[in-house]
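Please read the structure below before turning to the comments.
The values are calculated or read from the model by the stated rules, or taken from the named source; none is laboratory data. The structure displayed is predicted, hence computed values, not measured ones. All Cβ positions, even for glycine, are placed from backbone atoms using ideal geometry, and neighbour counts span all protein chains on display.
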Amino acid sequence: MRDKRMAFGAVALVLLIAPCTWGWGEKGHRMVTRLAVRSLPHDMPLFFRRAVWELEYLGYDPDRWRSPMEPTLNAANAPEHFINLERVPEGSFLPDRYQFLQRLVERGGIRSDVTPASIGFLPYRIVELTELLRGQFRLWRRAPRRTAPERAERRQIEQNILFIAGVLAHFVADGAQPLHTTVHYDGWNTTFAPNPRGYTTERGIHLRFENDFVNEAVRESDVRPLLARPRRLGPLFEETMRYLRESHALLERLYELDRVGGFAPGSTHAEARRFAAERLAVAAHMLASLWYTAWVESRDEPSLP
């Protein structure tokens, strides 16, 4: 029994210190969040614009929430990081995640070999967190500041805002990585679709692109000039789905760059660097736009039922 506990502890330690394969690695996530904060307009609250370090740290947090010691958390957390768009029958996406699940059942998207957890819930995680952020911004606007207890409550709302916004940063960044939108997430899945151009079928491309290559070859100075100013978004679910579908449309470009060695160790492939920088810049723009939209829309009074 003692040997089993030691073996379990060793496995747990390996999992905790191993490079994350859920989205960009820590460098990429921190870069996205940092650039998003620094691109915000000055009508955003000062406490938010000053919280660069806090938001940057929180932007990687959901990848810290995985350990064999928390299997229930892992089961709930993992599907939030991706959406396998190819597995979703046409017309199944609805703004409510439970309506989405019901539509998947009705249209045959769920079966013995395809579970809800294998399809993923990334768009719902993004929208739900953005709506939660908007609600907290609304509470902050209304919070009185006359007494010490009232000021303490307002500071607590500020902490809530930063936590939600930072966690949201992680999932938005995941969505800009094409391998988080597909069944071909770590090697071309030939059981699902033919391999069009001899792309790799071996595991490893996911980590090689988003972690190893970004860590070695991509600098913040490569990304910053590509970053657009944040804008107020339209309907959140439609904007989020557009963002994810645009990312998915770049899947074969990513595989092609890998096929020619663009993400290999020591690569100086200019197009590969540009591709990674563009994806990080798009993520930072979308994140800043979601934050800004939540702030602007928090001015609106919620309609009564």
Problem - Hey, residue 283 small (Gly, Ala, Ser), surrounded by 15 or more Cβ atoms within 10 Å (Cβ to Cβ) and within 23 Å of residue 121 (Cβ to Cβ) or not - result: yes
Completion exercise
Residue pairs within 8 Å by beta carbon, gap of at least six or interchain, first lying in segment 274-298 and basic (Lys, Arg), second not in a helix (DSSP H, G or I), listed first then second, are 279/176; 279/177; 279/250
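I need the helices (runs of 4 or more DSSP H) fully contained in segment 210-292, keeping only those with at least 1 residues that are closer than 25 Å to residue 56 by Cα, touching a Gly at 6+ places or on another chain (Cβ under 8 Å) and not charged (D, E, K, R). Give the derivation first.
Working: elements: 214-217, 220-223, 236-248, 251-259.
In segment 210-292, the matching helices (runs of 4 or more DSSP H) lie at 214-217, 236-248.
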Exercise for the section: Considering each residue of segment 251-281, count those that are touching a Phe, Trp or Tyr at 6+ places or on another chain (Cβ under 8 Å) and closer than 28 Å to residue 235 by Cα, and give that number. Expected result: 2
Exercise for the section: Of the numbered conditions (1) under 29 Å from residue 287 (Cβ atoms); (2) without any contact (Cβ under 8 Å) to a residue 24 or more places away in the chain; (3) loosely packed, with under 15 Cβ neighbours inside 10 Å, residue 191 fails exactly one; give the number of that condition. Expected result: (1)
Fill in the blank from the handout: Subset of segment 48-74, residues under 15 Å from residue 133 (Cβ atoms) and aromatic (Phe, Trp, Tyr), comes to 48
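One residue is enough: does segment 29-42 have a residue meeting the conditions outside any helix (DSSP H, G or I), within 19 Å of residue 293 (Cα to Cα) and in contact with a Lys or Arg (Cβ under 6 Å, 6 or more places away or on another chain)?
Filtering segment 29-42 down to residues outside any helix (DSSP H, G or I) leaves 39-42.
Going one step further and asking which of them are within 19 Å of residue 293 (Cα to Cα), we end up with 39-42.
Subset that is in contact with a Lys or Arg (Cβ under 6 Å, 6 or more places away or on another chain): 40.
Yes, there is a match, as at least one residue in segment 29-42 is outside any helix (DSSP H, G or I), within 19 Å of residue 293 (Cα to Cα) and in contact with a Lys or Arg (Cβ under 6 Å, 6 or more places away or on another chain).
Which helices (runs of 4 or more DSSP H) sit wholly inside segment 59-167 and have at least 3 residues that are at pLDDT 95 or above, more than 22 Å from residue 180 (Cα to Cα) and among the small types (Gly, Ala, Ser)?
Numbers: elements: 71-77, 97-106, 116-119, 122-142.
Of the helices (runs of 4 or more DSSP H) lying wholly inside segment 59-167, none has at least 3 residues that are at pLDDT 95 or above, more than 22 Å from residue 180 (Cα to Cα) and among the small types (Gly, Ala, Ser).
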Exercise for the section: Could you please find all residues in segment 1-50 being touching an Asp or Glu at 6+ places or on another chain (Cβ under 6 Å), modelled with pLDDT of 95 or more and either over 19 Å from residue 224 (Cβ atoms) or among the hydrophobic types (A, V, I, L, M, F, W, C) (or both)? Expected result: 31, 47
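Among the residues of segment 79-100, is any among the small types (Gly, Ala, Ser) and under 18 Å from the mean Cα position of the chain (by Cα)? Write out each step before concluding.
Restricting attention to segment 79-100, the residues satisfying the condition of being among the small types (Gly, Ala, Ser) are 91-92.
Checking the rest, the ones that are also under 18 Å from the mean Cα position of the chain (by Cα) come to none.
The answer is no, given that none of the residues of segment 79-100 is among the small types (Gly, Ala, Ser) and under 18 Å from the mean Cα position of the chain (by Cα).
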